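Scroll down for the structure; my scribbles are underneath it.
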Amino acid sequence: MKPDYIANGVYRVAAKVGSRDLFEGIWPIPDGVMLNSYVVKGTEKRALIDLVKDWDGALDTVFAQLDSLGLGAGCLDYIIINHMEPDHTAAMGQIIARYPEAEILASEKAIPLIKNFYKIEKNVRAVKDGEVVDLGGKTLTFFMTPNIHWPETMMTYVKEDGVLFSCDGFGSYGRYESCFDDELGANERAHLDSETERYYANIVSSFSTFVQRGISKLATLEIKVIAPSHGVVWRTNPGQIIDHYSRLASYMQGPREKEVAIVWSSMYGNTEALLQSIVDGIESEGLPVHILQVPQTHASFVLEKVWRSEGLVIGMPTYEYKMFPPMYHILDILERSHVQGRKTLRFGSFGWSGGAQKQFDVFVDAMKLDYKGSIEYPGSPTPEDKKKAYDLAKAMAREIKEL
Ligand code: FEO
């Protein structure tokens with residue numbers, strides 16, 4: 001790859017990471033992910049903003065691009081760490097070995113993490129909220145944006161060009177040939193929007209309150225370009241990704257999309273036997289339905305659809321007196337991700353004894369679900385069970401439609 005020119009003296013040095021590993025060791029990235037670092041060259045000094053993990057050749061790719069910008073060994077003055085998660089810092093040791101004189105600038109909360117993760121203490125300095133570092137004709141201003149995505153996270157702004165380096169914020173999964181939002185074709189743009197939602201639901205949703213605070217805090221800046229460390233650079237429509245993140249963050253409190261996510265498991269088909277009645281009840285009110293079978297569908301994709309939907313239906317049988325185990329995993333992920341307040345139904349079969357409902361009720365309370373009831377039955381569902389399921393689903397869908 002070649003560096004991408006963003007503005008005079010401002011470049012992206014990026015790596016496209018393939019699909020072999022899980023992101024954070026948990027989330028599938030079938031279409032990969034971008035690791036974006038950035039260079040800002042002033043007349044006096046030069047800074048590298050955010051690093052990479054040596055993942056799928058990323059470090060060599062970034063070093064080659066730095067060389068092509070005339071930033072070979074020893075030619076950096078500052079290394080800016082907006083965020084300490086190792087997808088952006090795991091190669092810190094190799095990078096410092098190449099640029100041993102560069103001063104590392106990070107938030108105060110990041111300093112102990114640098115020591116603990118990488119045993120690095122020399123040439124490290126904490127910067128404060130609003131502090132400015134002059135590179136000569138270019139300035140870097142640091143803004144603390146805690147919990148987008150870790151407590152230590154900050155963003156870096158170049159006032160002269162209106163460029164905001166936002167690290168995880170405004171990022172996305174996916175690898176893209178194009179660097180910029182305005183270079184994407186319609187299919188690529190649809191893919192980016194979808195992967196932005198999945199990325200947000202997977203790694204950012206828990207911190208939605210902080211996203212809203214961060215967006216408010218940055219509202220006074222003249223932002224011409226948003227340069228995140230995952231995804232594309234927004235130079236023509238930075239407002240679009242800010243609006244998209246605002247909408248995704250708003251799903252925590254609601255209102256959400258007038259859609260219903262049905263997350264279901266079945267062992268021998270007896271829970272599945274009620275599924276169509278639920279679907280028919282919801283569709284009779286004209287609402288879109290996302291049907292997600294577990295464990296066949298990874299939690300990453302389940303969470304994406306549940307996060308955006310006002311309605312939630314959980315279908316699962318009792319298994320050894322408790323919930324079907326893969327659904328316990330899904331509900332644990334949903335609770336951790338602050339999925340709250342959805343209008344919710346549950347259905348499921350049991351054999352000689354129930355037990356799933358009792359365990360599920362704990363999640364209903366913990367997730368503050370607006371619980372509309374359950375259709376639970378021994379063995380296979382009767383026509384009366386199916387009628388009840390249809391009626392409850394329809395009533396819930398109508399309530400959502402009228403919000
Ligand atoms: Fe891309 Fe929170 O790291």
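The values are calculated or read from the model by the stated rules, or taken from the named source; none is laboratory data. Being a predicted model, the structure only gives us computed values, none of them experimental. Cβ: placed from backbone, ideal geometry, glycine included. Neighbour counts: every protein chain shown. Accessible surface areas use protein heavy atoms only, side chains included; no ligands, DNA or RNA. Shrake-Rupley method; radii C 1.70, N 1.55, O 1.52, S 1.80 Å.
One table, with the values for the structure above:
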quantity	calculated
Counted residues, the range 367-403 - those being under 17 Å from S349 (Cβ atoms), of a type outside the set (G, A, S), open to solvent by less than 60 Å² (accessible area, probe 1.4 Å) and part of a strand (DSSP E or B)	2
Given (1) among the charged types (D, E, K, R); (2) outside the structural domain of R342 (by TED's automatic domain parsing); (3) away from the ligand (no atom under 16 Å from the Cβ); (4) crowded, with 24+ Cβ neighbours inside 10 Å, number of the condition E310 does not satisfy	(2)
Y328 vs. criteria open to solvent by 20 Å² or more (accessible area, probe 1.4 Å) and assigned to a loop (DSSP other than H, G, I, E, B)	no
Residues satisfying the stated conditions in the range 175-206, i.e. in a loop (DSSP other than H, G, I, E, B), crowded, with 17+ Cβ neighbours inside 10 Å and among the charged types (D, E, K, R)	R175
Tally of residues being part of a loop (DSSP other than H, G, I, E, B) and surrounded by fewer than 16 Cβ atoms within 10 Å (Cβ to Cβ) across the range 207-223	4
Residue in the range 175-186 that is under 20 Å from S216 (Cβ atoms) and within 16 Å of the ligand (Cβ to nearest atom) present	no
Residues of the range 123-160 satisfying the condition of being away from the ligand (no atom under 16 Å from the Cβ) and open to solvent by less than 30 Å² (accessible area, probe 1.4 Å)	V127, V133, L135, G136, K138, T139, L140, T141, F142, Y157, V158
Filtered residues of the range 224-251 (kept if open to solvent by 20 Å² or more (accessible area, probe 1.4 Å) and at pLDDT 95 or above)	K224, R235, T236, G239, Q240, I242, D243, S246, R247, S250
Single residue of the range 163-174 satisfying the filter (within 12 Å of the ligand (Cβ to nearest atom) and outside any loop (DSSP other than H, G, I, E, B)) that is surrounded by the fewest Cβ atoms within 10 Å (Cβ to Cβ)	C167
